[in-house]
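The values are calculated or read from the model by the stated rules, or taken from the named source; none is laboratory data. Note that the structure is a prediction, hence the values are computed from the model and not measured. FYI the Cβ positions are ideal-geometry reconstructions off the backbone, even for glycines, and counts take in every protein chain you see.
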Ligand SMILES: [Zn+2]
């Protein structure tokens, strides 16, 4: 899969672009729900993932 940077519409976490992404208005970036979840599981102290989690009302 091609790498797409977040400012080109790619996922904030994995830098790929698919059809099942959500838009985060706080960071003005697209991301995958699954990527955000994985990030939180792997790194519970990840501030970006935490903030996005609140915004998305998980
Ligand atoms: Zn992703």
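Could you tell me whether residue 29 is at pLDDT 95 or above and out of contact with any strand residue (DSSP E or B) (no Cβ under 7 Å at 6 or more places or on another chain)? Talk me through it step by step, then tell me what you get.
Working: at pLDDT 95 or above: no; out of contact with any strand residue (DSSP E or B) (no Cβ under 7 Å at 6 or more places or on another chain): yes.
Judged against the criteria, residue 29 is not a match.
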Completion exercise
Of (1) touching a helix residue (DSSP H, G or I) at 6+ places or on another chain (Cβ under 8 Å); (2) without any contact (Cβ under 8 Å) to a residue 24 or more places away in the chain; (3) assigned to a strand (DSSP E or B), residue 23 satisfies every one except (1)
Fill in the blank from the handout: Among residues of region 2-56 being within 13 Å of the ligand (Cβ to nearest atom) and at positive phi, the residue surrounded by the most Cβ atoms within 10 Å (Cβ to Cβ) is 15
